[in-house]
1. Among the residues of the stretch 183-236, how many are under 23 Å from the mean Cα position of the chain (by Cα) and either modelled with pLDDT under 95 or part of a strand (DSSP E or B) (or both)?
2. Kindly indicate which of Lys327, Lys299, Lys291 is buried (at least 18 other Cβ atoms within 10 Å of the Cβ) and among the charged types (D, E, K, R).
3. Mind checking which residues of the stretch 123-141 are within 27 Å of Gly93 (Cα to Cα) and aliphatic (A, V, I, L, M)?
4. Do we have Asp104 as under 21 Å from the mean Cα position of the chain (by Cα), within 22 Å of Gly131 (Cβ to Cβ) and surrounded by fewer than 18 Cβ atoms within 10 Å (Cβ to Cβ) here?
5. Identify, from the list Glu40, Glu24, the residue that is closer than 16 Å to Thr229 by Cβ and not polar (S, T, N, Q).
6. Looking at the stretch 248-266, which of its residues are surrounded by 21 or more Cβ atoms within 10 Å (Cβ to Cβ) and either under 20 Å from the mean Cα position of the chain (by Cα) or β-branched (Val, Ile, Thr) (or both)?
7. Sort out which residues of the stretch 61-87 are in contact (Cβ under 8 Å) with a residue 40 or more places away in the chain, out of contact with any strand residue (DSSP E or B) (no Cβ under 7 Å at 6 or more places or on another chain) and either farther than 26 Å from Asn146 by Cβ or near the ligand (Cβ under 9 Å from one of its atoms) (or both), and write them in order of number.
8. Out of (1) in contact (Cβ under 8 Å) with a residue 24 or more places away in the chain; (2) over 20 Å from the mean Cα position of the chain (by Cα), what's the single condition that is false for Leu98?
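The values are calculated or read from the model by the stated rules, or taken from the named source; none is laboratory data. This is a predicted model, so every value here is computed, not measured. So basically every Cβ, Gly included, is an ideal-geometry build from the backbone, and we count neighbours across all protein chains shown.
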Amino acid sequence: MKEIKQFKPFIGLEEYESIKQCFETNWITEGKLAEQFSKELCDLIGCKYGVFANNGTLSLYLGLKALGIGPGDEVLVPDFTFIASANSVIMTGAIPILVDVDPDTYHIDLEKAKTKLTKKTKAMMPVHIYGTAANMDEIMAFAKDNNLLVIEDAAQAIGVKWNGKHCGSFGDVGSFSFFADKTITTGEGGFVCTDNYEIYQKMLFLRNQGRINRGSFIHPQVGYNFRITDIQAAIGLTQIKKLPDIINKKQKILSRYCEKLQHNERVKIFKPPKNSNHIPFRVAITLDQNKDQLMDFLKENKVETRTFFYPLHKQPCFSCLENNDCKNSIDLYETGVCLPSYPTILQEEIDYVCEVINNFYEKH
Ligand SMILES: *Cc1c(COP(=O)(O)O)cnc(C)c1O
């Protein structure tokens, strides 16, 4: 058996063929294809407006800036997420306030969030983790009660819905990533959506050097360059066409893992909350013991695993954000493993990974 990788992007001949048109039309910067991709994303998400950014970190940043978040503000961020969620807040000059997560859903714990509120709390950033939706009914009610803006980090949540409504469409803004390991990819890329025309206008100015149209050298505001390319948009349009197939494949992979690991009492497979569908970003499992030894054993057997996200409050770079009440995110890091999962993984490869895990626990 060859090494089984943690992840492989699902791109092929269709994507390759699709970029040809950019060369034929001699238009490779952001243009008609980006406009089309944006329209299809808005339709998919069910939002009125959306703009691109170079990646999902910058789309979070763009969303926060458009909401007016900046120095002196605090933003509630779950402690269990990829570091970009918190970094985007820091980039605006605001401070991320880290909140522990629920041990079963891995989503932000609102009871704990309540204890973190101060006069400076301006916004919260629920993260739709591992391809499952946070409880957006409770989060929007909490935000309303406490007068908070909401920016949804839906980087891992294309196609994921809470009660049938797409992630990213609940809050004031929603942010997506098209990095290579996300559900659909353009290599790098981000998208931020909103239903609010004023926020949309702010994002247009911010991403285009403080003006609305290219070709003019009058800049009413200070802005940045967050353009993508039509080469990426061509790939994105192809990926959106493949999305139903990608979702189907990812869900089948998870079911196979569930089937093969169901009799192993040591292994608990991550499940979505009741009102969310699940488009696994990774196949995430937690173990009652010997996580490190299991990871070593899988490595010896040529299976590439990943740990869970390292608790943000423990990050060496966030020593100033140290706090002592994020026990659950520590627990998740200490017990969690991500198993290989990508649309082209073979059933026999999944079966092999499960066999290695089951063998390990027969011995330990
Ligand atoms: C991937 C990811 C991001 C950042 O997206 P990039 O495109 O890599 O910048 C932000 N938040 C979460 C939860 C992510 O998984």
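1. 8
2. Numbers: Lys327 fails: buried (at least 18 other Cβ atoms within 10 Å of the Cβ); Lys299 fails: buried (at least 18 other Cβ atoms within 10 Å of the Cβ).
Exactly one of Lys327, Lys299, Lys291 is buried (at least 18 other Cβ atoms within 10 Å of the Cβ) and among the charged types (D, E, K, R), namely Lys291.
3. Looking only at the stretch 123-141, we keep the residues that are within 27 Å of Gly93 (Cα to Cα), and these are 123-129, 134, 136, 139-141.
Across the stretch 123-141, the qualifying residues are Ala123, Met124, Met125, Val127, Ile129, Ala134, Met136, Ile139, Met140, Ala141.
4. On the way: under 21 Å from the mean Cα position of the chain (by Cα): yes; within 22 Å of Gly131 (Cβ to Cβ): yes; surrounded by fewer than 18 Cβ atoms within 10 Å (Cβ to Cβ): yes.
Here the answer is yes, as Asp104 does meet what is asked.
5. Working: Glu40 fails: closer than 16 Å to Thr229 by Cβ.
Checking each option against the conditions leaves just Glu24.
6. Lys250, Ile253, Leu254 - these are the residues of the stretch 248-266 that are surrounded by 21 or more Cβ atoms within 10 Å (Cβ to Cβ) and either under 20 Å from the mean Cα position of the chain (by Cα) or β-branched (Val, Ile, Thr) (or both).
7. Phe82, Ile83, Ala84
8. (2)
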